[in-house]
Amino acid sequence: MVVQSKNQALLAPYLELPQNGKVAAEYIWLDADGMPRAKTTTCDGPVRSLSDLKEWNFDGSSTGQAPGNNSDVLLRPVAYYPDPFRRGDNVLVLAECYNNDGTPNKANYRHNAVQIFEQCKDQHPWYGIEQEYSLIAEDDRPLGWPVGGFPGPQGPYYCGVGAGRVVGRDIVEAHYRACLYAGINHSGINAEVMPSQWEFQVGPCEAIEMGDHLTIARYLLLRIAEEWGVKVSFHPKAVPGDWNGAGCHTNFSTEAMRKEGGMKAIDAAIERMGQRHTEHIAVYGEGNELRLTGRHETGHIGQFSAGVANRGASIRIPRHVAAQGHGYLEDRRPASNIDPYRVTAIIAETVCL
């Protein structure tokens, strides 16, 4: 399939036209596979609160979220952000999906997460997620990889600089700026171990805001790469063989862990997480067994482990955290294709409840 990229020169004069008081609201939701979907409606502007945004709907039979004979799925706005594509007063609207009987749609894991976070709000759970992903060219090969062959072995690519070491930096930089414009708590970028693989970090965010910000950041990445005619893969093992997989390392802390003497709370959290290892793995991403092999900076999927500065463990305690005696832990098990609401919720449930 040929991927069409945007013709900026043709589009630009139309984007300069006035909107006569109207606002384009891009509604974004997660489908049955946990991937962003979106469609746009026009409303009176400016949008100053969620009450200015309507409840809408879509055809759930086309997204794996409803049968054809009862296909309407409701979209209920839960957050909105400045739109870096249309700009002006236009907005991106994050929405939850509900069935016609008022129950949460089967793909709506945010609803359950909100309930869990409400129960532990006094513990102030903070998250930071490191989203790894791979850029894929039109021929379905990693972007910049030689035709009919492979790049040199891993080593020079991680945090690399220069031609032959990194590829796709313009997409990454565009995404970085778009996230900041939209108010996403985007905290950094780096090239990853496999060539054409990158990472961006979101956080720290408290409770439900983590899933919200990561979902919008993913939408922005897919939307921007679309303009370059490049695909984004969140598969945890985009290339089989001796290449690093892609994860969503999840940094976590409670107020007790962040305070002086917090190592005791960190150790207790790790103990609890170890007891529910299998339950966590069940929601830590499809195909994660291809990544969690005990090689390529991962722990084995069937074993739980923890260690200071150990990137081959399930849970890594950063060295500076161990030295100062308080801070956070890093759960290295989640795959790059996680539903962030499921992961943040189960960590809070395990540690806080």
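The values are calculated or read from the model by the stated rules, or taken from the named source; none is laboratory data. Here the structure is a predicted model, which is why all the values come from computation and not from measurement. Cβ atoms come from the backbone with ideal geometry, glycine included; neighbour counts cover every protein chain shown. These area figures cover heavy atoms from the full protein model, side chains too; ligands, DNA and RNA do not enter into them. Shrake-Rupley method; radii C 1.70, N 1.55, O 1.52, S 1.80 Å.
Overview of results
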read-out: Qualifying GluC sites (Glu not before Pro) for region 110-162 [loop in DSSP, other Cβ within 10 Å: at most 14]; value: E138
read-out: Furthest towards positive pole of dipole, N105, G60, F85, structure part region 22-106, Cβ charges; value: F85
read-out: Environment charge of E26, counting only residues whose C-beta is closer than 13 Å and scoring Lys/Arg +1, Asp/Glu -1; value: +3
read-out: Which of D33, D44 is most accessible, then next, and so on - probe 1.4 Å; value: D33, D44
read-out: With 10 Å bins from 0: P(r) over region 1-156, alpha-carbon pairs, percent; value: 8, 25, 29, 25, 11, 2
read-out: Ranked by how many other beta carbons lie within 10 Å on average, peptides 77-83, 49-55, 177-183, 15-21 from highest; value: 77-83, 177-183, 49-55, 15-21
read-out: Percent accessible area from carbon and sulfur atoms, the chain, protein chains only, probe 1.4 Å; value: 50 percent
read-out: Entries in K22/K106; K121/K259; K237/K264; K54/K106 that, when Cα-Cα distance is taken, lie over 28 Å; value: K22/K106; K237/K264
read-out: Residue-level accessible surface for K22, protein heavy atoms, 1.4 Å, Å²; value: 100 Å²
read-out: Accessible surface of C352 - all protein chains present, 1.4 Å probe, nearest 10 Å²; value: 20 Å²
read-out: Estimated dipole of region 1-144 in Debye, rounded to 20 [Cβ of Lys and Arg +1, of Asp and Glu -1, Cα centre]; value: 280 debye
read-out: Cα pair distances in region 1-58, grouped into 5 Å bins until the bin that holds the longest one, percent each; value: 4, 13, 16, 18, 19, 16, 10, 3, 0
read-out: D242 accessible area, 1.4 Å probe, all protein chains in place, Å² to nearest 10; value: 100 Å²
read-out: Kirkwood Rh in Å, taken over all unlike Cα pairs in the chain; value: 21.4 Å
read-out: Under 11 Å, Cβ to Cβ, from A191 - net charge with Lys/Arg +1 and Asp/Glu -1; value: -1
read-out: Cα convex hull volume per residue for region 167-234 (Å³); value: 84 Å³
read-out: Solvent-accessible area per residue, Å², over the chain with all protein chains present [probe radius 1.4 Å]; value: 46 Å²
read-out: Simple spin-label estimate for Q303 and F150 in nanometres, 7 Å along Cα-Cβ; value: 2.5 nm
read-out: The chain: DSSP helices with Cα axial extent of at least 15 Å and average Kyte-Doolittle hydropathy no lower than -1.0; value: 169-182, 209-227, 263-275, 340-352
read-out: For the chain, Cys with no neighbouring Cys Cβ under 4.7 Å; value: C43, C97, C159, C179, C205, C248
read-out: Cα-centred dipole magnitude for region 117-352, charges only on beta-carbon of K, R (+1) and D, E (-1), debye, nearest 20; value: 520 debye
read-out: Lysines with Cα under 23 Å of K231, excluding same-chain neighbours fewer than 8 positions away; value: K6, K39
read-out: Separation in nanometres of the label points that stand 7 Å from Cα toward Cβ, at E16 and D139; value: 3.9 nm
read-out: Against the rule of thumb 2.2 N^0.38 Å, how large the Cα Rg of region 22-106 comes out; value: 1.09
read-out: Antiparallel %, DSSP beta bridges [both residues in region 188-341], to 5; value: 80 percent
